[in-house]
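Novice: Pasting a structure below so you can have a look.
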Amino acid sequence: MGNTETKALHCPAEWVEMIERAMSQALPAPRIAGPDTVRVGLMIRQSKAREYEMRKNPDGTVTKVRSDNSPRAQLDGALHLVKAPTHAGWHVAPEHVFADIGVSGWAPGVKRPGYDGMMEAVTSGLLDVVIVWSLSRLSRKGALDVLSVIDVFAKHGVRLVSVTEPWLDTDPNNPVGQAILGLTAALAAQESNQKSVYITAALDQIRQRGGHVSGMAPYGLEIDRILVDGVKVGKLKPKFGDEENALPSDHVLDIINYRRFKRMTEDEICLKLKERGIKTSRGKEDWNRQAVYKILRDPRYAGYSIEPTTKIETDEDGNKKRTPTTFLPQIMYGPDGEPVMLHEGIITPEEWWELQELMGRDAKSVTRRKERDGDDWVGVFTRQRILTCHVCGRPMQSNPGSGKNKYPFYTCNTGPGGPKGAGKHSQGVTARQVEEHLPRMAFQRLYGMDQTDPEDQAFISTVARRFAAQADGGEKAGKLKAAKKELEHVQGALTNLAADREAGVYTGPTMEKQYRASVKRLTASEVRLISKIDHLEAELNGPVELPSEWFSAERQADPIGKDSAWSKWDLDTRRDFVAMMLDKVEVKPVGRKGNHMPVVDRLEVFWAGTCEDEDEADEEGQVADEMEQVEAV
């Protein structure tokens, strides 16, 4: 029986036929491996897997030609050298062709399977000669590294030959090659170092201008090369489709809207995307919650540039490697403290900061209700989160009622899984009762205003601020909210910098310089944001003229009766009015079944501004508790 053992290949499978054909055509023909054969190995490497390149002709036209350093060009040159009549005893087997395609000969820590296979063959005594295209194909790490490889070759009696450098031949009968070998290795290292320095400097220039440096663009964005201060940088921008042909940018907007408006969780968004047949950036049908979470947290979708997400570290052996610095991208700030916004976003910065508040620990979880089939009744307090259950504190849901004599009502049905201590309970209040009583109370509160009463002053001030924000379309209020959230982000970054410095991260002159530059940028941004917040608050809290129709009714008349302003308003105007007047209304249960209690006794009203003060007090208390814990540690 013949030998059926399959030997491992270190080169593309399609090369096998070319290698065998070259050996069959070589003189003397055919070249057959035997006991007197010189066993030859070919080492082929190219940093970029690029077979062709565009070459400019003298007439200005461009032609696509095979690259001089392409893997095929290196293979053809090496085989041509083997087939030469002066090398009649040389033979190459397919398993002795070692190729590293798309692998750097300089980068530390990079695996080179072809190189490793060649060195194993050398040390195992399977080769007599190794042919390389040039010395740089063997290594670019410097003379010491190259000479150490040649030393291994010499110990195992292996000769090194170069295709493009005739003097490079480690045959002992070639003293010129021996002398020049060390010098050439040093020149190869110098060439690589200069290239590395140039690339590093170019990337730093791009980073300083906020450009996308390397790697794939975020899902839904594409890279557009533009000039910024004479430097070509990568600008990220979306590309939207239409209703029939949606593109990834449209899908990103859908993901954000699922979270912002429908309050869907990351897992629910993953299921929704799979149902719609939307594939990931890698073409997979299954989305994972981490991918969705990163999209929701990435500031580049709002146009912000980001700080580098990786850094270069040196291990104990002196090898350098790039490691992640943070799980989530951090916004880049310029020397003036302003955020660098080179990219074109899918949503506005205000919308992004609103999303971050929703994603953060201070976001309130909104309970969604299932959509009903057919017409769905909507009341003044439907989904307003104003009417809450006195027992469990949850917002009450609207119900259109059922049966022959159905009437709409607001209800709370909480099972055993409700808030701790609330227990299972059920209660409701008719919509007509609350939608007549609460607006009437609000108008009466306006009519009875005492300008000297501090409580009335705080109430009307809050109402005026909300009215101004609504009249502005919420633009200034949105900017104020975004500025506060951004300030929180900047102050958190300053705190992290201080903690890292305390932990010894910023040691040495270079790191100290980087620390001071970061503190300077973030401090300038903090000052800018505080000033912006003060300005926006002054505008929102400035003099506001409330609608005269709120106060024009006669004191003896029913403020929501016939011909009143309330009776002429549509549903949206009524909902806006109660949202400006009320923070919260707690609905108390009637007690035992069959008991009757006037609705006025069941409603505990919290006027505008009341709950805002409580939230501030709770936040101050939480900060105080955290400070006590830190001091205790």
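The values are calculated or read from the model by the stated rules, or taken from the named source; none is laboratory data. Predicted model only: the values in this text are computed from it and were never measured. Positions of Cβ are generated from backbone atoms using ideal geometry, with glycine treated the same way; all protein chains shown enter the neighbour counts. Just the protein is used for accessible areas: all its heavy atoms, side chains included, with ligands, DNA and RNA removed. Shrake-Rupley method; radii C 1.70, N 1.55, O 1.52, S 1.80 Å.
Novice: Work out from phi, with θ = phi - 60° and the Karplus expression 6.51 cos²θ - 1.76 cosθ + 1.60, the ³J(HN,Hα) of each residue of region 437-444, listed in order in whole Hz, and give x for Gly and Pro.
Specialist: 6, 5, x, 5, 4, 5, 5, 5
Novice: Rolling a 1.4 angstrom probe over the protein chains, ignoring ligands and nucleic acids, what is the accessible area of Thr452 in square angstrom, nearest 10?
Specialist: Counting only protein heavy atoms, Thr452 exposes about 110 Å² to solvent.
Novice: Continuing with this model, one more query. Calculate one ³J(HN,Hα) per residue across region 336-349 by plugging θ = phi - 60° into the Karplus curve 6.51 cos²θ - 1.76 cosθ + 1.60, and present them in order as whole Hz with x for glycine and proline.
Specialist: Each residue of region 336-349 in turn: 7, x, 7, x, 7, 10, 7, 7, 9, x, 8, 10, 7, x Hz.
Novice: Counting only protein chains, not ligands or nucleic acids, how are Leu9, Leu342 ordered by accessible area (probe 1.4 Å), most first?
Specialist: So, going from the largest accessible area down, we get Leu9, Leu342.
Novice: Could you put Asp500, Asp601, Asp298 in order of accessible surface area, largest first, with the 1.4 Å probe and the full protein assembly present?
Specialist: Order by accessible area, largest first: Asp601, Asp500, Asp298.
Novice: Using Stokes-Einstein with the Kirkwood hydrodynamic radius over Cα pairs, what translational diffusion coefficient do you get for region 465-527 at 37 °C and a viscosity of 0.692 mPa s, in µm²/s rounded to a whole number?
Specialist: 240 µm²/s
Novice: Taking amide H positions as placed 1.01 Å from N in the peptide plane, with prolines and chain starts having none, which residues 5 or more places from Leu160, or on another chain, fall under 5 Å of its amide H?
Specialist: Val130, Thr170, Asp171
Novice: Separate question: Report ³J(HN,Hα) in whole Hz for each residue of region 291-307, in order, from the Karplus equation J = 6.51 cos²θ - 1.76 cosθ + 1.60 where θ = phi - 60°; Gly and Pro get x.
Specialist: Per residue, the Karplus-derived 3J(HN,Hα) values read 5, 5, 4, 5, 5, 5, 9, 7, x, 5, 6, 10, x, 6, 8, 10, 6 Hz.
Novice: Just how many % of Cα pairs in region 439-548 lie over 23 Å apart, if you round to the nearest whole percent? Walk me through the intermediate numbers first.
Specialist: Details: 3117 of 5995 pairs.
Cα-Cα pairs of region 439-548 separated by over 23 Å account for 52 percent.
Novice: As a quick test, which of the pairs Lys237/Lys279; Lys484/Lys520; Lys232/Lys284; Lys272/Lys294; Lys237/Lys262; Lys294/Lys485 have an alpha carbon distance above 24 angstrom in this structure?
Specialist: From the list (Lys237/Lys279; Lys484/Lys520; Lys232/Lys284; Lys272/Lys294; Lys237/Lys262; Lys294/Lys485), the Cα-Cα distance tops 24 Å for Lys232/Lys284; Lys237/Lys262.
Novice: Which shape class, rounded, prolate or oblate, goes with region 425-470 when its Cα gyration tensor gives a ≥ b ≥ c as root eigenvalues, a/c under 1.5 marks rounded, and past that a/b bigger than b/c marks prolate?
Specialist: Prolate shape, in that a/c is at least 1.5 and a/b is the bigger ratio.
Novice: As a test question: what accessible area, to the nearest 10 Å², does Ser531 have when a 1.4 Å probe is rolled over all protein chains in place?
Specialist: Rounded to the nearest 10, the figure is 70 Å².
Novice: Which FRET efficiency value, to the nearest 0.05, is calculated for Val590 and Gln444 with the Förster distance at 30 angstrom and r the Cβ-Cβ distance?
Specialist: 0.75
Novice: For Met216 paired with Glu14, estimate the spin-label separation in nm (one decimal), with each label point 7 Å from Cα along the Cα-to-Cβ line.
Specialist: Reported label-point gap for Met216 and Glu14 is 2.5 nm.
Novice: Something else now. For region 222-290, compute the orientation-averaged projected area of the C-alpha convex hull (one quarter of its surface), in nm².
Specialist: With the hull built on Cα positions only, its mean projection is 6.2 nm².
Novice: Given a Förster distance of 41 Å, report the FRET efficiency between Asp570 and Arg297 from their Cβ-Cβ distance, rounded to the nearest 0.05.
Specialist: 0.60
Novice: Oh, and also: Tell me which residues come under 5 Å, amide H to amide H, from Tyr333 once H is placed; ignore anything under 5 positions away on its chain.
Specialist: Close amide H contacts, sequence-distant or interchain: Val340.
Novice: Considering only Cα-Cα distances, which of the following residue pairs are longer than 29 Å: Lys476/Lys588; Lys476/Lys584; Lys111/Lys155; Lys274/Lys481?
Specialist: Exceeds cut-off: Lys476/Lys588; Lys274/Lys481.
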